[in-house]
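Heads up, the thing below is written out as structure tokens.
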Amino acid sequence: MKKYIYPAFVLNLFFTVLLGILYPGVLDFIGNLFFHNRASGSVILDDTGRIIGSEFIGQIWNSEKYFWGRPSASNYDAMNSGGTNYSPIDTRTLGKITEAKKRFQNQSGIPEELLLSSGSGLDPHILFNSAIFQMPRIVGACEGKINEEELRKLIIRNSEGKDFGILGQERVNVLKLNIALDKQCQVKGSGNVDGHK
């Protein structure tokens, strides 16, 4: 019996140290050395150095003066990411769509992605057209601090193209766009547009 237990224990200890301590430690070191920002969570800082979010995790935006991201089944909680897994005709799904439509005051032509949550529940991006769709609301809520042409240029400057030029669609990171919106309004002497959120 001893001849089986001892080698099993030694192998277990060896692989625990190798794969549980050394391997993750080496990967963490390499990640921080070559990809520090990504290894640290791709955080976005404000002008004072305070963390205001991550480039890869969306946030809830309630102010009329900001662009809104997609609905999230997990309220953008990275520890609880995922979709609802409800069918498209489930009453709960239809209820969420109705809620989202009310948020946009039942406007016609609401882009689907602004009504439906993403599979991860963490999506930080909206499509370029979804940002354009929200322009009239933001211009109205900002009360002359920015006009439609300036806002359109801001969206274009902050848009991201297709990955590798062929994958996906043109999109905008909502947090980065809202930060740029704040800065644009500061340039015009209006101060922050309501603080973040």
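Quick grid of which residues meet (1) farther than 30 Å from residue 133 by Cα; (2) in contact with a strand residue (DSSP E or B) (Cβ under 7 Å, 6 or more places away or on another chain):
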residue: 5; (1), (2): yes, no
residue: 18; (1), (2): yes, no
residue: 25; (1), (2): yes, no
residue: 30; (1), (2): yes, no
residue: 38; (1), (2): yes, no
residue: 52; (1), (2): no, yes
residue: 56; (1), (2): no, no
residue: 59; (1), (2): no, yes
residue: 63; (1), (2): no, no
Result of the Cβ filter at 6 Å on segment 103-114, keeping first residues that are under 14 Å from residue 137 (Cα atoms) and partners that are of a type in the set (Phe, Trp, Tyr) and surrounded by 10 or more Cβ atoms within 10 Å (Cβ to Cβ), at least 6 apart or interchain, is 110/104
Residue count, segment 143-197, condition under 22 Å from residue 49 (Cα atoms) and either at pLDDT 90 or above or within 15 Å of the chain's Cα centre (by Cα) (or both), comes to 12
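Per-residue answers, yes or no, for (1) on the phi < 0 side of the Ramachandran plot; (2) part of a helix (DSSP H, G or I):
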| site | (1), (2) |
| --- | --- |
| 140 | yes, yes |
| 144 | no, no |
| 169 | yes, no |
| 182 | yes, yes |
| 185 | yes, yes |
Residue check for residue 93: over 16 Å from residue 119 (Cα atoms), more than 20 Å from the chain's Cα centre (by Cα) and in the same structural domain as residue 138 (by TED's automatic domain parsing): no
Matching residues in segment 96-143 (closer than 18 Å to residue 63 by Cα, surrounded by 18 or more Cβ atoms within 10 Å (Cβ to Cβ) and not hydrophobic (A, V, I, L, M, F, W, C)) number 4
If residue 121 satisfies every condition in (1) assigned to a helix (DSSP H, G or I); (2) in contact with a Ser or Thr (Cβ under 6 Å, 6 or more places away or on another chain) but one, which is the exception? (1)
Report yes if some residue within segment 64-71 is touching a residue at least 60 places away in the same chain (Cβ under 8 Å) and among the small types (Gly, Ala, Ser); otherwise report no. yes
Kindly establish whether residue 61 is surrounded by 10 or more Cβ atoms within 10 Å (Cβ to Cβ), of a type in the set (Phe, Trp, Tyr), within 29 Å of residue 183 (Cβ to Cβ) and touching a Gly at 6+ places or on another chain (Cβ under 9 Å). yes
Output the residues belonging to segment 36-83 that are more than 29 Å from residue 185 (Cβ to Cβ) and in contact with an Asp or Glu (Cβ under 8 Å, 6 or more places away or on another chain). 39
Looking only at segment 82-134, which residues are over 21 Å from residue 163 (Cβ atoms) and among the β-branched types (Val, Ile, Thr)? 84, 89, 91, 93, 97, 98, 110
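The values are calculated or read from the model by the stated rules, or taken from the named source; none is laboratory data. Everything quoted here is computed from the prediction, not taken from an experiment. All Cβ positions, even for glycine, are placed from backbone atoms using ideal geometry, and neighbour counts span all protein chains on display.
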